[in-house]
Amino acid sequence: MKRFASIGRIVARSGIVAVMFSFAWAASAFDVSPPTSHVELTRVGSMPTSAKPAGIPDDYVITPNGYFSPDCVATVHTGDELQRNGMIRRASGTMETAATCGKPNYTLQGERVEADGRHVLRSASTPPPEQSGWVQAANYTSSTPIGRIVATWTVPNAPTTKDDQVIYFFPGLEQLPTVQSILQPVLGWNGYNDKAWTLASWNCCVDGTTYHSDPIPARVGDTVVGDTYSTCAAGQACSTWKIDSRNTTTGKTSSLTTNPYADLTWVFGGVLEVYNVSTCGEYPGGPITFSNIQVYDRNNTRVASPPWKGFSTSGINPQCNYGLSTTATSATISY
């Protein structure tokens, strides 16, 4: 069956005094995972020939932000901090320059993005990647900068058909009208070529590099909390944010300390992103509900009723009963 291309996706793609004590408590309540050096993201070359995206090298890896050279993916370990200039301040206090990427990446639609950010559209003769894109996303645009988003969801059953597909679930924040980065706590299936669930926190893509924290394991039925927040006082534009991907069942957290690069105004309460899915059996168990979604603006004022909207899924093939239903504090994605 023909796989479908991405829809509606733009890829580049508070620190809040009143709640900082609760943030600090939450951080101390969970163990933070140690650096993990042996894991490797799923490579394009591991995909079946029929599913490989045309024109993308085999050594490129699949990320929540598209296809990247391994040279353009950097791990920011627990205690490290990603700076605005792309340097990493290690937990020891030393400053380290991340490896200069210098290589293009590719969006979920297969468009080439040069190291300087220039987009090169696919030629009409180059087919789009087979089944690559955001299937559904509960999202809205805020008129004021956001200071925090937190959501809870449960690790679903693994796909019935376990091929070489990659599945991602996350809430997140971006900028508009010009997307410079995306901050996202991510639950992934087969993200590390392991046919298993893992959690990691991501920020993409300063100077063409995408950054992530050390992944931690998750299992079916575990409760996940994704928390993305400014670490500065209410009302301040903050250069230091935390992205916590917490497995509350195991007590482990995969945390990324990072710079957002600009005000965050595009809000995602829950997203389903997939690569290389050709049949409904290749989706994990569903539907999936992002619950207890809390959005706060920069002044630490909670957004009472986020005006969630979704994507059109009418053109997706295969059709798997896609849908989105929302409340002020939840988003349920069906498939």
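Quick look at the values:
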read-out: Hits in the stretch 304-327 - residues which are open to solvent by 40 Å² or more (accessible area, probe 1.4 Å) and over 12 Å from ALA137 (Cβ atoms); value: ALA304, SER305, PRO307, SER314, GLY315, ASN317, GLN319, ASN321, SER325, THR327
read-out: Out of SER312, SER230, SER278, SER245, sole residue that is polar (S, T, N, Q), under 23 Å from VAL179 (Cβ atoms) and modelled with pLDDT under 95; value: SER312
read-out: Matching residues in the stretch 95-107 - criterion: being in a strand (DSSP E or B), within 14 Å of ASP207 (Cβ to Cβ) and open to solvent by 20 Å² or more (accessible area, probe 1.4 Å); value: THR97
read-out: Strands (runs of 3 or more DSSP E) wholly inside the stretch 120-195 that include at least 3 residues being closer than 25 Å to ASP58 by Cβ; value: 132-141, 166-174, 182-189
read-out: Filter result (hydrophobic (A, V, I, L, M, F, W, C) and over 16 Å from ARG148 (Cβ atoms)) within the stretch 238-265; value: ALA262
read-out: Restricting the stretch 80-94 to residues that are of a type in the set (Gly, Ala, Ser) and over 20 Å from the mean Cα position of the chain (by Cα), the residue that is least open to solvent (accessible area, probe 1.4 Å); value: GLY93
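Table: residues versus (1) in contact with a Phe, Trp or Tyr (Cβ under 7 Å, 6 or more places away or on another chain); (2) surrounded by 18 or more Cβ atoms within 10 Å (Cβ to Cβ); (3) of a type in the set (A, V, I, L, M, F, W, C).
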{"residue": "ALA115", "(1), (2), (3)": "no, no, yes"}
{"residue": "LEU121", "(1), (2), (3)": "no, no, yes"}
{"residue": "THR141", "(1), (2), (3)": "yes, no, no"}
{"residue": "ALA151", "(1), (2), (3)": "yes, yes, yes"}
{"residue": "VAL155", "(1), (2), (3)": "yes, yes, yes"}
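The values are calculated or read from the model by the stated rules, or taken from the named source; none is laboratory data. This one's a predicted model, so the numbers in the text were calculated from it and none came from an experiment. Quick reminder, even Gly has a Cβ in these numbers, built from the backbone with ideal geometry, and neighbours come from all protein chains shown. When the accessible area is computed, the model is the full protein with side chains, heavy atoms only, and any ligands, DNA or RNA have been set aside. Shrake-Rupley method; radii C 1.70, N 1.55, O 1.52, S 1.80 Å.
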